[in-house]
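Take a look at the structure set out below.
The values are calculated or read from the model by the stated rules, or taken from the named source; none is laboratory data. Only a predicted model underlies this, so the values are computations on that prediction, with no experimental measurement involved. So basically every Cβ, Gly included, is an ideal-geometry build from the backbone, and we count neighbours across all protein chains shown.
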Amino acid sequence: MTISASTVKELRERTGAGMMDCKKALQESNGDIDAAAEYLQKKQLASVDKKAGRIATEGVVGSYIHMGGRIGVLVEINCETDFVARNEAFQTFVKDITMHIAAAAPTVVSVEELPADVLAKQREIFIAQAIEEGKPPAIAEKMVEGRVKKWERGQALLEQPFVKDPDKTVRDLVAEITAGIGEKISIRRFVRFEVGEGLEKKVDNFAAEVAAQAGL
């Protein structure tokens, strides 16, 4: 069947796949753009799996400063060759990730990096909350599992909904860029700074000050 250039372009903009891949996907899907997008997604994931065992030691350290210097991000993202590190698509990806980290404030790259003691403490908090809500301990335990999983996804960069497109996760975005560029791409580490974070901030009690000045 004949596939129009506009349909190919629409699918390419939607998925980020190459023109020829988009055309083939549409042909395989009889012109159904949703089915073609699903076809490409499966193909991309298969492509990513093939690249998983390869070594990525090149890349860049990206940086981003937000809110007039109040939030700063550094992130190391690896690829396989210096050529790809200079690629415009890769550079755009790095910029998107630094901006995402600034906005979403993840604490680790993946769920596996969450410290066991932090997980245990968070579980205790959720159990206490469930019991405070009046739930019996047995039910509270079951509720907590779901809350812990949701909390883990909120902490891990790869599992967070991508801020520029919440319908996909950062992990999905990595898979897309890996398939599109043809090299293994991985987010190795990051650090996020926010002015005043972790410091005890002075809270002014204006009512108390007024009372003191009035001799009350």
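Figures for the structure shown
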read-out	value
Residue in the stretch 156-166 that is over 23 Å from E88 (Cα atoms), crowded, with 16+ Cβ neighbours inside 10 Å and either over 17 Å from the mean Cα position of the chain (by Cα) or of a type in the set (G, A, S) (or both) present	yes
Qualifying positions in the stretch 168-189 - in a strand (DSSP E or B) and out of contact with any Pro (no Cβ under 8 Å at 6 or more places or on another chain)	S186, I187, R188, R189
Some residue of the stretch 160-167 being basic (K, R) and part of a helix (DSSP H, G or I)	no
Hits in the stretch 187-204 (condition: closer than 19 Å to T92 by Cβ and surrounded by fewer than 19 Cβ atoms within 10 Å (Cβ to Cβ))	R188
Matching residues in the stretch 83-130 - criterion: being more than 19 Å from the chain's Cα centre (by Cα), part of a helix (DSSP H, G or I), under 26 Å from D172 (Cβ atoms) and touching a residue at least 24 places away in the same chain (Cβ under 8 Å)	V84, A85, L119, Q122
Flag for G134 being farther than 18 Å from T169 by Cβ, at pLDDT 95 or above and not aliphatic (A, V, I, L, M)	no
Scope the stretch 171-192; condition modelled with pLDDT of 95 or more and farther than 16 Å from C79 by Cα; matching residues	V191, R192
